[in-house]
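Enquirer: One structure coming up, written as C-alpha cells, with questions to follow.
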Number of protein chains: 2
Amino acid sequence: MPQLDSGAFFIKRITGQAVTVTADVFSDGHDVVECCVRFKHESDKNWQEVRMQATENDAWTAEFTVEKQGNYTYFVEGWVDYALNWQHGTERKIQDSQHVKSELLEGVEYVNAIVKSADKSEAAYLKNVAKSFASEKDYDKAIEFAMSHDLTAVFKKYPTRLLANRSIDLQVYVDRPKALFSTWYEFFPRSASEIDGKHGTFKDCERLLPRVANMGFDTLYFPPIHPIGEINRKGKNNATNAQPGDVGSPWGIGSKHGGHKATHPELGTIEDFKSLVKKANELGIEVAMDYALQAAPDHPYVKDFPQWFKWRPDGTVQYAENPPKKYQDIQPIYFESGDWKNLWKELLDVALFWIEDCGINIFRVDNPHTKPFYFWGWLIAEIKKKHPDVLFLAEAFTRPKIMNELAKQGFSQSYTYFTWRNSKKELTDYVKELTQTEQKEFYRPNFWPNTPDINPYALQGGNEAVHLQKYFLAATLSSSVGIYGPVFEYMVSAAIPGKEEYLDSEKYEFFKWDWNQTNKLTTVISRINNIRKTHASLQQTNNIVFCDTTNEQIMAYYKFDDSKTDETLMIVNLDPYYPRQATVRLPMESIGNQPVRVHDLITGNSYIWDKEWNFVELHPALPFHLFKIQRS
Amino acid sequence: MPQLDSGAFFIKRITGQAVTVTADVFSDGHDVVECCVRFKHESDKNWQEVRMQATENDAWTAEFTVEKQGNYTYFVEGWVDYALNWQHGTERKIQDSQHVKSELLEGVEYVNAIVKSADKSEAAYLKNVAKSFASEKDYDKAIEFAMSHDLTAVFKKYPTRLLANRSIDLQVYVDRPKALFSTWYEFFPRSASEIDGKHGTFKDCERLLPRVANMGFDTLYFPPIHPIGEINRKGKNNATNAQPGDVGSPWGIGSKHGGHKATHPELGTIEDFKSLVKKANELGIEVAMDYALQAAPDHPYVKDFPQWFKWRPDGTVQYAENPPKKYQDIQPIYFESGDWKNLWKELLDVALFWIEDCGINIFRVDNPHTKPFYFWGWLIAEIKKKHPDVLFLAEAFTRPKIMNELAKQGFSQSYTYFTWRNSKKELTDYVKELTQTEQKEFYRPNFWPNTPDINPYALQGGNEAVHLQKYFLAATLSSSVGIYGPVFEYMVSAAIPGKEEYLDSEKYEFFKWDWNQTNKLTTVISRINNIRKTHASLQQTNNIVFCDTTNEQIMAYYKFDDSKTDETLMIVNLDPYYPRQATVRLPMESIGNQPVRVHDLITGNSYIWDKEWNFVELHPALPFHLFKIQRS
C-alpha cells in the first residue's frame, strides 16, 4: 500500500509531499529479513532507495518525498540478509559461551562478499575483519569484531540481496501544489457589464479582477466562452424556444461564428481573452476554462465531421436525450464513432489550443461521466506529458463509483456531494470517507456550496448565517473550495418551486450585478480566504481529526499540515437561527496532553484551553471559531 | 471478489460448493449495463456463463457451483447493452406519447443483429418484428412489439456484447469433500503393543483400527514411520545423548536402514504398512503420513547427496539450530543448494512413492514454514495434477501472515491458534477472523486441542469437563478436528514444569496403553464424531453465527449447511467446575421469527423455544448442548 486496484491506477501527490509505503515482508524460517522501497522519477536514470522499518505483525514501512512534478514509479524489494543472519546467530552463541571458530570462518565469506561495494576506508576495515576471522591468533579480537555495531552497520549498508524478491511496480503522479490547494470563483462573463441590458465582455471582466483578487480567490472559472448555437437555442428559464434577444445557454456550443476554438463574439475576441488571462495572472489569479464536449446543431463540426455524431435512420442527427426528456439545443459527440481516433485528436487539439495559445492551465470539465473513461485517461496523460502544470476538475455529480473512476483516470480534482451534506453526522461521515479510506490517495475534493446547476434546498431562502456557515465548512474542511457568485455572496436564492434550480438562471440570460456592493459575506469570505493563504493546515484535506462535542449542532475539527508546524481548530454552529453552547473535546491523542492557547483568526480573541473539555458559545452572527493553536 | 492478492492465488472450494462472485460494473453515461461470470474447469473446452444481478451502488453478483475436482478459472465480463438501451428509451418515449417511427427504424438494426444467434422459432419471431418496425403500416402493432417482454427476453438472451470489457482471470481450486470435513486421530504406532516393554508394530496398529473407527475418526495420522537416525539420537525427555535402548525421535529421519522411502525396521516392512493402509481403508479410515523434510546425520542423503546440505568451513555438516539452541540429531535440508532442481525432484518422488506405491492420500507436513513457500506451491501443484485427491495439512504454528501464505500456496488444511484460545471472547474473535474475513476463501482450519508438541496449560491437570468442552468446541466450531491420543482421552497431561510440553513425551519413548479402556471421554467423543457424520451443518466451518448470551461463561453459536437443510445450535459452559445458567438469544435474523424445537443430539432431550431469549443451565458433567433445530 498505497495501491489502487492492483496497481492499475496511480496515486496522487503534490510536490514536496511524502508517500508512506507499507508492505508485509516475511520469509520462511527464522532468517533476518530486510527490505526497502525503491523509487524513481520518470526523468531519472537511477533508482533511489529508502530502507523500510518493521512495525508489527510482519508489516514494514518507509516514506519518500516526491520533489518533482510528473510520474514516479515505486516498488518494494525484500531479501533475506544472510550476513546479518550470520552475525545475529554468532552473537547469541558467543553470549552462550560457545566456541565460534567455525562461525568466524563462515563470516569471512560474508565480509569478503561486500568489500567491492564498500568505500575505501570501509574496505580497509572489512579486510582487517576478514583477516582476524581467518586468523588462528587473537580469538578475542575476532569475536569483538564479530559482535561490533560497526560490522552491523556495514552489513546493513551493503546488503548482498541474494534471492531478493519484489512487488509489482506502482505509480504516483505528482502535481503542482495548486492541485491540492485552490480557491475558485465562478461567474458568468456576460453578466460583467455595469450597464443595464448590456452584454458583458472580457474587457468588463478585467475590471472585476481586483474584486476577485481582494476576496482572496486564486482561480476564476468561466462557463463556456465559445460561440453559442443559434439553432434550437434555449430561452429564459430553459424555455424550449428562445425569444428574439435571448442569449441562450453557453453550454450550447458552436455557431456560424465558430466552435470550441473560438470565442463568443459578444464577449470579445481571442485577443481580448488573452489580455484578460494575462491581467488575471498578474493579480495571482488563474483563469479556468470550461471543457464541455458537445455541440449545438450549428456547430461547424456537424457539417465538417458528420461521422462524429450519431445519425438516425430518418437522416436527422441525434440530439441529447434522457428519455423522455429531450435537449434539442445540444448534440452529444458520438464517441463510438468509427473515426474515433481523429475525433480524440481534435478534442486534444482543442485543449492544446487554449493551453499553448492562450495560457490556460486549468480546465473544469463538464459532465465527464457521459464520455468514455479511457478517453479521459488518455487525454489527461497526453496533455500532462507536455504540460504537467495543467489541472482538470471533474464536474461529475453522479454515482460514487463513477466519480471515483474519473478521479482514478487522472482528474486532478473532483466535485463532491458536499453540496448536499448538512448535518454534523452527514458532514463527518462524508469527510471521513474522503480522508480515511482509499479515496484519500486519488480523490482530491473541491467543495462547492452552490453551482449554476445546483441551488441546494439548504441555501434557498437561507439567511446570512447559513451562507457564512456553508462557506466556512467548505473552505476549512476541504483545501479546494469554490462558489458560484455573485448569487452566493449576495444571497440570491430564488428557486424554481420544488427544484434545486435557480429561478431566472444566469444559464439562460445575463444579469446586471452591483459588483461594488460589499456585505458581511464578502468581508468574511475574504477573511477566510486570506487566512487559508497563510495556514498550511488549511492547504490540505487529509490531516483532519473530528472532535467530540456535547451538542449535535456544534461541530469541531482539528487540522494540521504534514510537518505539524501549523495547527488549526474549527468549531461551527450548524444552527442558523439560535446561539448554541457546547463543550468541545481537544483531541489529546493528536495534539498531546499540554495546555494550548487558541487564537481566533477571525476575531483576534484568544483563550487558554488547559483542559480536555472546553466551553464554547457560538452566535449565528458569526457562527464559527477559526482557531490557530498556539503552544507556549 | 473473491480475489486473493490481485489474483496471485486461488481460492478454495470442495465439489458441490458455490462460488459467489461480486463485481462493480458500470459504464459512462446512462446506458443499460449487463454482465456475467464466465467459468471453466481446466478439463472443459467451453466456458459456462451465469448472468449477474445488480445489487446496490453499481455492485453485481452471481453464483456458480463447482462440480469437479481441480482448477476452475472465472472472470467477469460486462458490456453496454445497446439493444436493451434502445428498448428502454423507446418505451419511455412511447409512454410519453412521442412518435417513435424513427426509433423503430433504429430498432431494426438491433433486431437483425441477433437473428443469426437465435434459434429457429426465435429467428422467425425476430424477422417478424424487424418487418413490422420497418413497415409503414400498422404502427400500433410495431410499438406493441417494441414494448413487449418477449423482445426484452430475446435481447437478454443474445447480447451482442459490443465493446465488452472483462476482469482478470481468477482461479478456484476444488478439492474432494474431505478437504473440508475430516476427523483426525494421531497416535504413535510404536506405542501400539499391548505387551509392556515391547515396541509396537504396524501389525499391532491393525488391531487398533476398529477402536479408531468406532470412535468415529476417519483419518489416522502417524508421526514419521521411517528409520530413526542412530547418530546423535535423542534420549528420553529430549536428552542430548540417548541411552542404550532409547528409541529416539521419529522426526530424526534416516539411518543405515534407509531414508524417506523406507520404514523403521521395528515397526515393520513396507508390505506391513501397505496392509495396514488397506485394512484402515476397509473401515473408512485414511492413513495420513508425516512429510518431514529433514535428515538425521546418518540419513543416506547426507552421503549420497552432500550438496543438499550446508557444509561448514570446518568440514562438518550444518545441524539444525535456533541460536543458541542446537538440534544435533537433525540436519536441515539446504533449499538454497545449487542442485535445488534435483533436490525438489527427489522430494516430489518421496511423496509420489507413498501415494502411488502405498495408497497414501493425506500428508501432514512438518514445519512447512521453514522451507521455501514456492517449493510448497510447486510440490502441491505437481502432485495434484496427477493425484487431485491428495490433501496436505500444514503444521505451521508461527506468525499469522506466514500461516496464511502457506495456505495460499496450496495447503488443503492448516493447524490453527485454537489450541490457545480459551475464553468466549478469544474463541469468538478467532473464529470470526477465520470465517468472516478473506481467510474464509483459502484457510481451512483444523482444530486440535493438543499435539505431541503442545500440552496446553489449559489441559495440564485439567478435569474431565475441560477435556469434554475442548473437544466439543474443536469438533463443532471447525469441520476438521483432531486429537493426539490416547493422552487426550485418557487425560494424561503431566507437563515439564512451566512449559507446554508433555513430561515423558512419546516423542522420545514408547508407552504401553490400555487401549481397551473406555471412559466418559471415549464415549462422548464417539458420540460427537458420529453426530458430525450425519449433520451437514457441522461438515463446514464458514456458516456460523454467534449468539448473545447473558453469561460470559456460556458461549452459543448457530451453524447451517449451504442449503439450510441442517441447522444446529451449540451451547457450551466454559467453566469446568460449576454449573452455569444463562439466557441465550436465538439469532432471529438468520433462523427467522418462528418457534423452533431444539433437540439435544447427545441426551435426546427436546425443548420448545418460542421466544427470542431462552433459558439454559449446563453442568460440568455434560457441559454443552448440541441441539438440532427442528421446525414444525
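Enquirer: With r as the distance between the Cβ atoms of A:D196 and A:K261 and R0 = 30 Å, compute the FRET efficiency 1/(1 + (r/R0)^6) and round to 0.05. Don't skip to the end; give the middle numbers.
Expert: Numbers: r = 32 Å, r/R0 = 1.08.
Efficiency at R0 = 30 Å is approximately 0.40.
Enquirer: Check the straight Cα-Cα distances from A:K131 and name the aspartates and glutamates below 20 Å, setting aside those fewer than 8 residues away within the same chain.
Expert: Answer for A:K131, where 20 Å is the Cα cut-off: A:E91, A:E103, A:E106, A:E109, A:D119, A:E122, A:D140, A:E144, A:D150, B:D314, listed by chain and number.
Enquirer: I've got another one for you. Please report, as a whole percent, how much of the solvent-accessible surface of chain B comes from carbon and sulfur atoms (probe radius 1.4 Å).
Expert: Of all accessible area on chain B, carbon and sulfur atoms account for 51 percent.
Enquirer: With the solvent-accessible surface defined on protein heavy atoms using a 1.4 Å probe, which residues belonging to the stretch B:302-329 display a reduction of at least 40 Å² in accessible area in the multichain context relative to the isolated chain?
Expert: Those are B:R312, B:P313, B:P323, B:P324, which lose 40 Å² or more relative to the chain on its own.
Enquirer: Still on this model: Put a point 7 Å out from Cα along the line to Cβ at A:W378; what are the distances to that point in the other copies, in nm, shortest first?
Expert: 4.3
Enquirer: If one takes the accessible area of chain A alone plus chain B alone and subtracts that of the pair, with a 1.4 Å probe, what total in Å², rounded to the nearest 100, results?
Expert: What A and B bury together is about 3900 Å².
Enquirer: Further, regarding this structure: Go ahead and collect, in residue order, the members of the stretch B:526-561 whose backbone nitrogen is under 12 Å from a label point 7 Å along the Cα-Cβ direction of B:E282.
Expert: none
Enquirer: For chain A, what is the accessible area per residue in Å² when the probe is 1.4 Å?
Expert: About 41 Å² of surface per residue is accessible.
Enquirer: Please name whichever of B:T541, B:F510, B:S493 sits farthest to the positive end of the charge dipole of the stretch B:489-561, dipole taken about the Cα centre and charges placed at Cβ: Lys and Arg +1, Asp and Glu -1.
Expert: The one lying farthest along the dipole's positive direction is B:T541.
Enquirer: Now for a separate question. Please give every one of the aspartates and glutamates within straight-line cross-link reach of A:K45, meaning a C-alpha to C-alpha distance under 19 Å, and leave out same-chain neighbours fewer than 8 residues apart.
Expert: A:E67, A:E77, A:D169
Enquirer: To the nearest whole percent, what portion of all C-alpha pairs in chain A is separated by more than 50 angstrom? Walk me through the intermediate numbers first.
Expert: Details: 51788 of 199396 pairs.
Within chain A, distances greater than 50 Å cover 26 percent of Cα pairs.
Enquirer: Exceeding 18 Å between C-alpha atoms, which entries from my cross-link table qualify? They are B:K234/B:K274; A:K425/A:K533; A:K68/A:K385.
Expert: B:K234/B:K274; A:K425/A:K533
Enquirer: Could you check the simple spin-label distance between A:H149 and A:E356, using points 7 Å along Cα→Cβ, in nm with one decimal?
Expert: 5.9 nm
Enquirer: Take the Cβ-Cβ distance between A:E552 and A:R597 as r, set R0 to 35 Å, and report the resulting FRET efficiency rounded to the nearest 0.05.
Expert: 0.80
Enquirer: In the stretch A:386-419, which residues become less accessible by 10 Å² or more once every protein chain is in place, relative to the chain on its own, using a 1.4 Å probe?
Expert: Output list: A:R399, A:P400, A:K401, A:I402, A:E405.
Enquirer: B:A621 versus B:E109, label points 7 Å from Cα toward the beta carbon: distance in nm?
Expert: In this crude label model, B:A621 to B:E109 measures out at 8.4 nm.
Enquirer: What is the stretch B:165-282's relative contact order, in percent, from Cα pairs under 8 angstrom and six or more apart in sequence?
Expert: Numbers: 154 pairs, mean separation 29.2, N = 118.
That works out to 25 percent.
Enquirer: Select the chain A residue whose beta carbon lies nearest to the rotation axis carrying chain A onto chain B, and write the distance in whole Å.
Expert: A:S6, 2
Enquirer: Using the Cα centre of chain A as origin and beta-carbon charges of +1 (Lys, Arg) and -1 (Asp, Glu), tell me which of A:N238, A:V37, A:L151 is placed farthest towards the positive end of the dipole.
Expert: About the Cα centre, the residue reaching furthest to the positive side is A:N238.
Enquirer: Which value, in debye to the nearest 20, describes the size of the charge dipole of the stretch A:1-89 about its Cα centre when Lys and Arg Cβ atoms bear +1, Asp and Glu Cβ atoms bear -1, and nothing else is charged?
Expert: 520 debye
Enquirer: Which of the aspartates and glutamates could be linked to B:K178 by a straight reach, that is with a Cα gap under 13 Å, when you skip same-chain ones fewer than 8 residues away?
Expert: Cross-link targets: B:D218, B:E286, B:D389.
Enquirer: May I pose another question? What is the extension gain from A:N463 to A:K141, computed as 0.36 nm multiplied by their sequence separation minus the C-alpha to C-alpha distance, in nm to one decimal?
Expert: In short, 107.6 nm is gained.
Enquirer: Can you give me the distance in nm between label points at B:H99 and A:T240, each placed 7 Å from the Cα along the Cα-to-Cβ direction?
Expert: Using points 7 Å along Cα→Cβ, the separation is 1.3 nm.
Enquirer: Name the residues of the stretch A:21-42 whose accessible area, probed at 1.4 Å, falls by at least 30 Å² once all protein chains are in place instead of their chain on its own?
Expert: With the partner chains in place, the stretch A:21-42 has these residues losing at least 30 Å²: A:F26, A:D28, A:G29, A:H30.
Enquirer: By how many nm would the segment from B:R176 to B:A124 lengthen if fully extended, with 0.36 nm per residue of separation less the alpha-carbon distance?
Expert: 14.1 nm
Enquirer: Where in chain B are the DSSP H helices whose alpha-carbon span along the long axis reaches 15 Å or more and whose Kyte-Doolittle mean is at least 0.0? Working shown, then result.
Expert: Working: long enough: B:82-95 (20 Å, -1.34); B:101-115 (21 Å, 0.41); B:120-134 (21 Å, -0.24); B:202-214 (19 Å, -0.47); B:270-282 (18 Å, -0.72); B:340-358 (26 Å, 0.16); B:373-386 (21 Å, 0.11); B:424-436 (17 Å, -1.28); B:464-477 (19 Å, 0.55); B:520-533 (20 Å, -0.32).
Span-like helices here: B:101-115, B:340-358, B:373-386, B:464-477.
Enquirer: While we're on this one: Kindly flag which residue pairs out of A:K203/A:K564; A:K401/A:K424; A:K156/B:K371; A:K384/A:K440; A:K326/B:K141 have an alpha-carbon separation exceeding 32 Å in this structure.
Expert: Values: A:K203/A:K564 44 Å; A:K401/A:K424 24 Å; A:K156/B:K371 25 Å; A:K384/A:K440 22 Å; A:K326/B:K141 25 Å.
With Cα atoms farther than 32 Å apart: A:K203/A:K564.
Enquirer: Now for a different question. Using DSSP to define loop residues, name the trypsin sites (Lys or Arg not before Pro) in the stretch A:84-145 whose beta-carbon has at most 14 other beta-carbon atoms within 10 Å.
Expert: Qualifying residues, ordered by number: A:K116, A:K137.
Enquirer: Find how much the distance from B:W420 to B:N322 grows on full extension, using 0.36 nm per residue of separation minus their present alpha carbon separation; answer in nm with one decimal.
Expert: Contour length minus Cα-Cα distance gives 32.9 nm.
Enquirer: Give me the net charge of B:I483's neighbourhood, meaning all other residues with Cβ under 12 Å from the Cβ of B:I483; Lys, Arg count +1, Asp, Glu -1.
Expert: Surrounding charge for B:I483 is -1.
Enquirer: Can I ask one more? Assuming R0 = 51 Å, can you tell me the calculated FRET efficiency for the pair B:T518 and A:D169, based on Cβ-Cβ distance, to the nearest 0.05? Don't skip to the end; give the middle numbers.
Expert: Working: r = 64 Å, r/R0 = 1.25.
Computed FRET efficiency for B:T518 and A:D169 comes out at 0.20.
The values are calculated or read from the model by the stated rules, or taken from the named source; none is laboratory data. Note that the structure is predicted; figures quoted are calculated from it, not measured. No Cβ is skipped: glycine too gets one built from the backbone with ideal geometry, and neighbour counts run over all protein chains shown. In case anyone asks, the SASA skips ligands and DNA or RNA and just uses the protein heavy atoms, side chains included. Shrake-Rupley method; radii C 1.70, N 1.55, O 1.52, S 1.80 Å.
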